[in-house]
Amino acid sequence: MPRNLSSYMIQTTPQCPDRCHCAWDTFTVVCSDAGLREIPERIPPETDLYLSDNRIDSLSTGALRNLGPKLPKTRLFHNPWHCDCTLQELMETLNLEAETVNEIICKSSVRGVGEGSRWEDPGSQGEHAGQPLAKLLDSGVNFCSLQRKTTDVAMLVTMFVWFFMVIVYVVYYVRQNQAEARRHLEYLKSLPSPRKTPTETDTLSTGF
């Protein structure tokens with residue numbers, strides 16, 4: 001029995017995650033075909049973990065770190081993996097077996113510039129869909145670079161739209177003020193001219 005797992009089991013009795021089957025005598029947790037969307041919690045360290053045939057498309061930071069510095073056998077195949085910068089960085093930092101890494105096939109991938117949003121066209125899942133993540137990384141594909149470029153373009157488009165809206169508002173505001181000024185001027189012109197009030201001198205002069 002591994003030393004870390006022995007200490008863990010002495011301190012507390014492991015609780016099997018929901019929808020999983022656990023065999024603590026062989027240090028195995030089987031969560032295959034359980035409809036999971038994320039890695040179960042409360043997995044003891046140095047445990048073989050089977051997660052195949054689920055709906056997991058990404059791994060959160062630290063999702064597998066509680067299994068120990070050297071990860072045991074972990075099965076991740078037949079999941080709809082979305083290959084992006086987060087998954088790439090995790091694969092580069094986690095000490096996974098080569099067989100486990102090769103099991104991660106991209107169901108979809110982060111879009112490059114001009115490919116549109118991940119959710120715009122469900123039928124189009126990115127140019128790297130259907131390819132092993134390890135093979136893509138070995139060939140020089142950098143999802144973090146693609147993601148940054150896409151983010152930069154999105155920011156530029158957002159800034160352009162914002163600037164355009166400001167210009168439209170300023171033009172509208174100026175025209176509204178000009179129209180209001182013209183209406184006010186026309187109103188003043190339409191008022192009758194005030195009659196001249198006779199002064200006392202005029203009254204006296206008309207009396208002689």
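Summary table
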{"read-out": "Complete set of residues in the stretch 40-63 that are crowded, with 20+ Cβ neighbours inside 10 Å and not in a loop (DSSP other than H, G, I, E, B)", "value": "L49, Y50"}
{"read-out": "Subset of the stretch 168-205 that is among the hydrophobic types (A, V, I, L, M, F, W, C) and loosely packed, with under 10 Cβ neighbours inside 10 Å - its residue that is modelled with the lowest pLDDT", "value": "L204"}
{"read-out": "T150 vs. criteria farther than 16 Å from D84 by Cβ, of a type in the set (V, I, T) and either surrounded by 14 or more Cβ atoms within 10 Å (Cβ to Cβ) or modelled with pLDDT of 65 or more (or both)", "value": "no"}
{"read-out": "Boolean, R37 is within 24 Å of the chain's Cα centre (by Cα), assigned to a loop (DSSP other than H, G, I, E, B) and at pLDDT 80 or above", "value": "yes"}
{"read-out": "Residue within the stretch 111-123 that is at pLDDT 80 or above, of a type in the set (F, W, Y) and under 30 Å from S60 (Cα atoms) present", "value": "no"}
{"read-out": "In the stretch 153-167, residue modelled with the lowest pLDDT [restricted to those that are under 30 Å from T86 (Cβ atoms) and aromatic (F, W, Y)]", "value": "F160"}
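The values are calculated or read from the model by the stated rules, or taken from the named source; none is laboratory data. Owing to the predicted nature of the structure, the values given are computational and were not obtained by experimental measurement. All Cβ positions, glycine included, derive from the backbone under ideal geometry; neighbour counts span all protein chains shown.
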